[in-house]
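All remarks here apply to the structure that follows.
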Amino acid sequence: MTKTSPNAVEWFEIPTADIAKSILFYNRVLGLRLEAKEFGPHQLAIFPHVNPGPGGCLMQGSGMVPSGTGTVVYLSTPDIDSALAQVEAAGGKIASPKTPIGQDIGFSARFLDPEGNLVGLCGLA
């Protein structure tokens, strides 16, 4: 197997039972323009990323069950405060507030999206 990226993470999928609702939530919280696309029997919306490097998506389909337990994916944002301000307005809940994680690293926070997935944020501001 040939690795395509020097990063430990290659790809992630955030499960959703309602792709349209999840797209609206993540677009509002992160200021993105995610769009649903068909991928075989699944619907997905890919987060912006640069290849080679880690990427990921929202995914709806068989076996994709939202959960607040298990692995937590941290999404990058240039402004954690603005993103957190949108979480509850967009139908989510703050799970842990903005917390410093190191002078050169910035801050992190966690939220539950409207489907109940526990997701993290990280960024400098």
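We did not get these values from a lab; they are worked out from the coordinates using the rules stated. In this text the structure is predicted, and so the values were computed from the model without any measurement. Every residue, glycine as well, gets a Cβ built from its backbone with ideal geometry; the counts of neighbours run over all protein chains shown.
The ranking of S82, S22, S62 from fewest to most other beta carbons within 10 Å of each one's beta carbon is S62, S82, S22.
To make sure I understand, if each residue's beta carbon is the centre and we count other beta carbons within 10 Å, what order do D104, D81, D113, D18 fall in, fewest to most?
Numbers: D104 6, D81 12, D113 23, D18 15.
In increasing order of surrounding Cβ atoms, one gets D104, D81, D18, D113.
Looking at the range 1-103 alone, DSSP beta bridges between its own residues are antiparallel in about 60 percent of cases. Remark: E13, E35, E115 ranked as E35, E13, E115, counting other beta-carbon atoms within 10 Å and listing the fewest first.
Starting from the Kirkwood Rh over alpha-carbon pairs, what translational D in µm² s⁻¹ does the chain have by Stokes-Einstein at 25 °C and 0.890 mPa s?
Working: Rh = 15.0 Å.
Approximately 163 µm²/s, per Stokes-Einstein.
For K93, a cut-off of 17 angstrom between C-alpha atoms picks up these aspartates and glutamates, skipping any fewer than 8 places away in its own chain: D81, D113, E115.
Tell me the relative contact order for the range 1-86 as a rounded percent, counting alpha carbon contacts under 8 Å between residues six or more apart. Before the final figure, lay out each step's value.
Details: 115 pairs, mean separation 30.6, N = 86.
Contact order relative to length: 36 percent.
Set the Förster distance to 22 Å, then compute FRET efficiency between A36 and E13 from the Cβ-Cβ distance, nearest 0.05.
On the way: r = 14 Å, r/R0 = 0.64.
Calculated value: 0.95.
Add -39500 (n - 2.57) for each DSSP H run of 4 or more in the chain, then divide by its residues: what number comes out at 222 nm, to the nearest 500 deg cm²/dmol? All intermediate terms of the calculation are to be shown ahead of the outcome.
Numbers: 2 runs with 20 residues, N = 125.
When only DSSP H runs of four or more count, the value is -4500 deg cm²/dmol.
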